[in-house]
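Participant: The structure is given below, and queries will be raised subsequently.
Nothing in this text is a laboratory measurement; each read-out follows from the coordinates by a stated rule. Computed from a predicted model, the values in this text were never measured in an experiment. Don't worry about glycine lacking a Cβ; one is built from the backbone with ideal geometry, like all the others, and counts go over all protein chains shown.
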Amino acid sequence: MSTAAESPKPLTKKDLTADHPTWCPGCGDFAVLASFFKVLEKLQIPHEKICTIAGIGCSSRFPYFVNGHGVHFIHGRALPFATGVSLSRPDLHVFAFGGDGDGYSIGGNHLDHAARKNVNLTYIVMDNFVYGLTKKQTSPTSPKGFKSKTDPTGAIDQPINPMKKLVYGGASFVARTHATQVKHMMEVFERAILHPGFSVVEVLSECVIFYPGAFDDGNPRKGGTFDLIEEKKWDNSAEDAERHDVSDENAAYRLASLQYPGKFGVFYETDRPSKNQLEQIWIDSTREKTGNASAVDLLSSRFASMK
Amino acid sequence: MSPSATSDSPELASSPASSGVTELQNAVIRFAGNSQDGIQTIGGLLARLAGRSSREVMTYMTIPSTISGGPSIFQVHLGSGEVLSAGDESDFLFAFYQHSYDSHIGSLRPGGICIYDTDNVQEVKSDLDGLHVGIPITSATVEALGGSSRERGKNLFALGLVTQIFKLNKEKVVGLVSKQFGGKNEDVLRNAMLAFDAGFAYPVGDLLKVEYELQQGRGSAVDKVTTDGNTAMVLGLLAGGVRYGSAYPITPWSTIMEQLRVELPKYGGLFVQAEDELAAVAMALGFAYSGHVAVTGSSGPGLSLKMEALSYATMAELPLVVINVQRGGPSTGLPTSVEQSDLMQAIYGSHGDCPRIVLAPKNVADCFYIAVEACELAKKYSCPVFVLTDMALASRIEAFEQPDLATLVHEPVLDLSTRGEEFKPYPLDGLTRHAAPGSVMSAGKYPVVTGLEHDEWGHPSANPGIHQKMTERRREKIKAFAATLPKPEIYGDESGEALIVGWGSTWGPIREAVERLRESGRKVACIHLRHLNPMPNGLETIFANYQNVVVVEMNDEGLYGYGQLATLLRARHCDPKIRSVCKTDGLNYRVRDIVARVEAVVGTV
C-alpha cells in the first residue's frame, strides 16, 4: 500500500483540482471547495487515500471537482455509502458532501444513524435553504414564509434546526460556519478532519440564483454579524465561566436555539468511541479466538459441526 | 410417497403382524402442535440423524407469523434412497392438540397411523382409513419429569416414541440429544433424557399391531451435512469470499443476516445492521466500491426499497450479491409462506434499462453452491447478482455431502495496485475493472464512480451516442455470460408429450412428478433453470421435442394467463405451446398436484 513516503512530492491544490465546477457564478460552494483544497494541502493526506462521496444536488457534484477517488451516488444515501467505505477501509480519509435537501430531507434518517453510530468520517453540508438543482422548491431549512415554486405563497412548515438535529443524533463533532468566512471555514474543516469519529460541518452557502441574500445577516460585508462562539480556555478566569464548553450537550442546544443568524464555530465535540473502533475490537477478539484460522479451516470445522 | 412395505400388503395398518418386521423405504412423519412445543427441535434432530445414517431427508415446516405461539407443524421425510420432496401426505401423524388433529388428519395417507395425545385430543374421526393410536403424551411426560416441569419435554417424549417405533439407532439419537441440550444447564439435559427415555420405553408396540423398521440408507457411508437453506446460503457466501455486508431485518431473510453478523468477524469481516433497507444496500455498495465482495439481502418488500440503489449498481457497474428470500406478496402479504412471485422484480424491478444476473437455488445444498457462484459472477461481470431463494428453502432441512471446500473457498484479495495511464474502468472492448480507493493513479487522474451516464473513463456524458454504446455494453456483458451457460439437463424422456420447466425450490417435487407421470405411462421430462437472467441459450431446441412445455411456478397466472417465468419464456421463444401451471396458496407444490395439473394441461392420452 502506498504511503506518503512513496510519493514524496507534496500534495498541492493543483493536484487536487479536477473539472471546473459547474456551479453558477457566485455560488457559495466555490469557497467551500477552495477551503477544502487548502486544508488537504496543509494536512498532506496521501492523494490516493482521499475519498469524497456525495448524493444528489448542486453541492453533491463536489466529487467531480476534487481530483481524488470519488463517488457520485444517489439522492440522500451518501452517508450509508460512505459508512461502508469507512468501516471496511480504515486506511482511507472519507469525506461526504451534500446539501440541505440531500442531508436533512431525503437522507435525514441516515444522518441520525451515521451520527448515532459515530462512523469515522467528515461530512460537510452546504446549506442554502433551497432546492437549487431542481430550480427553487422549498427545502427542509427554508424559513417560514419563503416563497418557492412549491410554496408560492410562502413556506408554512417549520424548518429543521440542523444543529439541534446533529447534536441530538449523536454526532461527536458539530460545527457551523459561513461560506463567505474562508479563514473560519478552514479552521473548522481542519478540526473536523482531525476529529476521530463522525464530524459534521454545516456551512451556510448562498444560492445566488434562487435564494440570493439568504445569509447576509451572517456576513459583515453585507451588514450582518459573524458572531463567533468563544470556547472555554479552562484558565479559571471569570471570563472563562461565560465561555462555551464544547463537551456540554445542553450548552450546544442553547447555542442552537439562538435567533438566526446565531453563532458560528464548534457547537459540540466529544470523545466517544467510533463504530469503526468498536467493531474492530469485536473483530480482533473474534479472530484471536479462532486463532486467526483460514477460511477453509473455519468452514471445515463449521461443516463438521453439522454432521 | 407411501411407504413401500416388503410384505405384499401396501397398507401399513393392515400389514399382518405375523409377517414380522415391515421394512420402510420412506417415512413421512408430521408433528403437529404449537410453535413453542419444540417440534422443530426434534424434527431437526431426526434430520440430523438421517444425515448420519446415509439416508436422505427433507423437512417442511410451517410457522405462525405471530410473535409467540400458534399452530405449527414440522414434517420430516426420511428415505433410504433419493428424497425429492417433503412428502405430499404423512405416513405418521403426531397430533398434540385437538386443533392439530382437526387440521392435519386430512394429511394422513390412507392406511397411515395417527398418534395423538389423549390428554389434549378428545374427539377423533370414527371413519379414519388408518389407525388411531392414543397415548397420554402430556401426562406421561409430566410423570417422567416428576410433575415439576409442566408440559415441557413432550417433544422429546415423542422423539423417544419415534426412535422406538422405527427402531432408529438409539445411541445416535441420544448422542444428538446430548449435543443439542448438553450446552445448557444440567437439569435441561437430564429432563430431556428423562422425557426421551419415557417415550422410548412406552409400550407402544402392542397398539401399532405391526413392527416397523426404516431401511438402511443406500447413500454414501460418509456422514452428511444436515442444515437448512438459509444456513447453507450463509456458508456459501463465506466460501465465495464475502467479507462485508449490510441489511435490515425482515422475515424470512433475517436468519441469514443474523448468522453473517456472528460469522463474518471470524473471517476478519463485518456485517452491519442498517437503519433501513435503503441504507443497507447503500452501505453494501460502499463495501463493494471499497474493493470487497459484499452482500445485501431481504425479502420482497425490502427489495422494493433497494431498487433505486440497485439501478445505480448496474450503471456504475459495482459488484454486489443480493439475496431475496421470497415470501408471499404483494405487500406484507404472507410473511411466513412460500411464493415465487419476485422473479419479475429481480429482473425488471429497477428503473431504466438495467440488466443484471438472477439465479435461483434448487435445494438446500444448492443454496451453498449458488452463493459461491453469485460471488464469482459479481466479481467477474461487476454487476448486481440476485439470488432468489424462498421461504420453503430458508427453513427446510436437508442432508447433503460436504462441498469440496479446498477447491471452492476463496480468500478475498483487496487489489490496490497502482493503475497506469491506460486505466479505463469501462472499456468498450472489455470487462469492467474498477480502481478501488487507495489505489495510486500513476497519471495523477483519479476516478469518480457515478450514476450518471459516462464514457469509458467514467466521465459523465449526456452524449446520445455514448448512452447508446454504454447501454449496449452493460447488456452485452450479461449476454456474454449467457453464452457460457450449458443447456439444462433433461430429466426424463428425450421427447414426448410434455416438458415441465421449473425454477427454484420446486425442483424436487417436479422431478418426483416426472417419475410418477412416467410410471403411469406418460412420456414426459423436466428441465430446471438455475439461471433465470440471463437464461441459457438454445432452450428452443429442447422445447422442439415435446408437444407441450408446461412451466410450473408458485406465482399467479397474471392478466394474460401465464406465470412469471412462462411469460418470459413466451416472450423470448414466441412458442404458443408454452403453458402455465400456477398457484398462490402459500404452500409448496405437492407432487400429486403437479401430476394432476400437468395432466390437465396435456390432456388425456
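Participant: Chain B: D in µm²/s via Stokes-Einstein (Kirkwood Rh, Cα pairs, 25 °C, 0.890 mPa s)?
Facilitator: 95
Participant: How much length, in nm to one decimal, is gained on full extension between A:D217 and A:R254, taken as 0.36 nm per residue of separation minus their Cα-Cα distance? Spell out each step's value before the answer.
Facilitator: Details: separation 37, 0.36 × 37 = 13.32 nm, distance 1.98 nm.
Using 0.36 nm per residue and subtracting the Cα-Cα distance, I get 11.3 nm.
Participant: Just to check, using Stokes-Einstein with a Kirkwood Rh over alpha carbon pairs, what's the diffusion coefficient of region B:491-602 at 20 °C and 1.002 mPa s in µm²/s?
Facilitator: 156
Participant: Would you work out the charge dipole size for region A:13-272 about its Cα centre, treating the Cβ of every Lys and Arg as +1 and the Cβ of every Asp and Glu as -1, and quote it to the nearest 20 debye? Please report the intermediate quantities before stating the final value.
Facilitator: Values: 28 positive and 30 negative charges, 141 e Å.
So the magnitude is around 680 debye.
Participant: Please check which bits of region B:179-218 a label hung off B:K167 would reach, taking the label as a point 7 Å along Cα-to-C-beta and the cut-off as backbone N under 15 Å.
Facilitator: Hits in region B:179-218 for B:K167 at 15 Å: B:205-206, B:209-217.
Participant: Moving on to the next point. Which of the listed residues, B:A480, B:T432, B:G465, is farthest toward the dipole's positive end in region B:417-484, when Lys, Arg count +1 and Asp, Glu count -1 at the beta-carbon?
Facilitator: Value computed over the given set: B:A480.
Participant: Considering only DSSP beta bridges where both residues belong to the protein assembly as shown, give the percentage that are antiparallel (nearest 5).
Facilitator: 30
Participant: Now, a different point. Calculate the dipole size of region B:340-430 relative to its Cα centre from +1 charges on Lys and Arg beta carbons and -1 charges on Asp and Glu beta carbons; express the result in debye to the nearest 20.
Facilitator: On the way: 7 positive and 14 negative charges, 43 e Å.
Magnitude of the dipole: close to 200 debye.
Participant: Just to check I understand the Karplus step: with θ = phi - 60° and J = 6.51 cos²θ - 1.76 cosθ + 1.60, what whole-Hz values come out for region B:274-291, glycine and proline as x?
Facilitator: These are the phi-based 3J(HN,Hα) values: 8, 6, 6, 5, 5, 5, 4, 6, 5, 5, 4, 5, x, 5, 5, 4, 6, x Hz.
Participant: Take every residue in peptide B:227-240, count the Cβ atoms of other chains within 10 Å of its Cβ, and give the average of those counts.
Facilitator: Counting Cβ atoms of other protein chains within 10 Å of each residue's Cβ and averaging gives 2.
Participant: How large, in Å, is region B:378-513 by the Kirkwood hydrodynamic radius built from its alpha-carbon pairs? Can you show the working numbers first?
Facilitator: Working: mean 1/r = 0.0509 Å⁻¹.
That comes to 19.7 Å for region B:378-513.
Participant: Just tell me how shielded A:63-69 is by partners: mean number of partner chain Cβ atoms within 10 Å of each residue's Cβ, no decimals. Walk me through the numbers before you get to the answer.
Facilitator: On the way: counts 4, 5, 1, 2, 6, 5, 13.
Per residue, the average neighbour count from other chains is 5.
Participant: Students often forget the sequence filter, so: which lysines lie under 23 Å Cα-Cα from B:K172 once same-chain residues fewer than 8 apart are removed?
Facilitator: Correct list for B:K172: A:K307, B:K154, B:K184, B:K224.
Participant: Defining a contact as two alpha carbons under 8 Å apart and six or more residues distant in sequence, what relative contact order in percent does region A:123-208 show?
Facilitator: 32
Participant: Over chain B, what is the relative contact order in whole percent, taking alpha-carbon pairs under 8 Å and six or more residues apart? Before the final figure, lay out the partial values.
Facilitator: Details: 1354 pairs, mean separation 71.5, N = 605.
Relative contact order comes out at 12 percent.
Participant: Sequence-distant or interchain residues sharing an amide H contact under 5 Å with B:N533, placed H: which?
Facilitator: Residues meeting the criterion, in which the H sits 1.01 Å from N, are B:V358.
Participant: Then there is this: Could you give me the ³J(HN,Hα) list for region B:131-139, computed from phi with Karplus coefficients 6.51, -1.76, 1.60 and θ = phi - 60°, whole Hz, x at Gly and Pro?
Facilitator: Per residue, the Karplus-derived 3J(HN,Hα) values read 10, 8, 10, x, 9, x, 4, 5, 5 Hz.
Participant: Scan chain A and hand back the longest stretch that contains none of the GluC sites (Glu not before Pro) lying in DSSP loops with at most 15 other Cβ atoms within 10 Å.
Facilitator: It works out to A:7-229.
Participant: Hand me the tally of lysine pairs in region A:1-156: alpha carbons under 24 angstrom apart, and the pair either on different chains or 8 or more positions apart.
Facilitator: 17
Participant: With the radius of gyration and the Kirkwood radius both derived from the Cα set of region B:17-223, what is their ratio Rg to Rh?
Facilitator: We get a ratio of 0.94 for region B:17-223.
Participant: If you count, for each residue, the other Cβ atoms within 10 Å and average over each peptide, how do A:157-170, B:493-506, B:386-399 line up from highest to lowest?
Facilitator: Ranked by mean Cβ neighbours within 10 Å, highest first: B:386-399, B:493-506, A:157-170.
Participant: What nm distance separates the two modelled labels at B:R475 and B:D556, each placed 7 Å from Cα along Cα→Cβ?
Facilitator: The answer from the label model is 3.0 nm.
Participant: For A:F264, what residues show an amide H to amide H distance below 5 Å, using hydrogens built from the backbone and excluding near sequence neighbours?
Facilitator: A:D227, A:L228, A:I229
Participant: Looking at region A:55-96, I'd like the Rg to Rh ratio, where Rg is from alpha-carbon atoms and Rh is Kirkwood's inverse mean 1/r.
Facilitator: 0.95
Participant: Still on this structure, please answer the following. Could I have the simple spin-label model distance between A:C24 and B:K424, label points 7 Å from Cα toward Cβ, reported in nm to one decimal?
Facilitator: About 3.8 nm separates the two model spin labels.
Participant: Here's another thing I want to ask about it. Work out the count of Lys pairs in region A:172-294 where the Cα-Cα distance is under 25 Å, with the pair 8 or more places apart or on different chains.
Facilitator: For region A:172-294, qualifying lysine pairs total 8.
Participant: Quickly rank B:583-592, A:97-106 as a protection proxy: mean count of other C-beta atoms within 10 Å, highest first.
Facilitator: Those peptides, ordered most packed to least, come out A:97-106, B:583-592.
Participant: If you bin the C-alpha pair distances of the protein assembly as shown every 10 Å from 0, what whole percents do you get?
Facilitator: The percentages, shortest bin first, are 2, 11, 19, 20, 17, 13, 10, 6, 2, 0, 0.
Participant: For region A:153-199, what size does the Cα cloud have along each of its three principal axes, sorted from largest down, in whole Å?
Facilitator: Largest first, region A:153-199 extends 43, 28, 9 Å along its Cα principal axes.
Participant: Further, regarding this structure: With runs of 4+ DSSP H residues as the only contributors, calculate the mean residue ellipticity of chain A at 222 nm using -39,500 (n - 2.57) per run, divided by the residue total and rounded to the nearest 500.
Facilitator: Values: 11 runs with 104 residues, N = 307.
Helix contribution divided over all residues of chain A: -9500 deg cm²/dmol.
Participant: Amide H neighbours of A:L121 under 5 Å, counting only residues 5+ apart in sequence or on other chains, H built in-plane at 1.01 Å?
Facilitator: A:G197, A:F198, A:S199
Participant: Could you give the C-alpha radius of gyration of region B:227-408 expressed as a fraction of 2.2 N^0.38 Å, taking N as the number of residues it contains?
Facilitator: Computed over Cα atoms of region B:227-408, the ratio equals 0.91.
Participant: Work out, in µm²/s and without decimals, the Stokes-Einstein translational diffusion coefficient of region A:13-272 at 37 °C, 0.692 mPa s, Rh from Kirkwood over C-alpha pairs.
Facilitator: Details: Rh = 18.3 Å.
It diffuses with D of about 179 µm²/s by this estimate.
Participant: Once you average over the residues of B:259-268, how many Cβ atoms of partner chains fall within 10 Å of each Cβ?
Facilitator: Partner Cβ neighbours, averaged per residue: 4.
Participant: A follow-up question, please. How high is the FRET efficiency from A:K14 to A:L43, r the C-beta distance, R0 22 Å, rounded to 0.05? It would help to have the intermediate numbers written out before the result.
Facilitator: Numbers: r = 16 Å, r/R0 = 0.74.
In this case the efficiency is close to 0.85.
Participant: Using the C-alpha gyration tensor of region B:417-484, what are the square roots of 5 times its eigenvalues, in whole angstrom, with the largest one first?
Facilitator: Semi-axis lengths for region B:417-484 are 23, 16, 9 Å.
Participant: Set the Förster radius R0 to 35 Å, insert the Cβ-Cβ distance between B:V21 and B:E186 as r into 1/(1 + (r/R0)^6), and round the FRET efficiency to 0.05.
Facilitator: The value I calculate is 0.40.
Participant: Got a sec to turn the phi values of region B:25-36 into Karplus ³J(HN,Hα) couplings, 6.51 cos²θ - 1.76 cosθ + 1.60 with θ = phi - 60°, whole Hz, x for Gly and Pro?
Facilitator: For region B:25-36, the Karplus curve yields 7, 9, 9, 9, 10, 10, 9, 10, x, 10, 5, 8 Hz.
Participant: Take each of the peptides B:73-80, A:88-95, A:209-216, average the number of other beta-carbon atoms within 10 Å over its residues, and list them starting from the highest. Could the numbers behind the result be given before it?
Facilitator: On the way: B:73-80: 26.2, A:88-95: 21.4, A:209-216: 17.6.
The packing order, highest mean first, is B:73-80, A:88-95, A:209-216.
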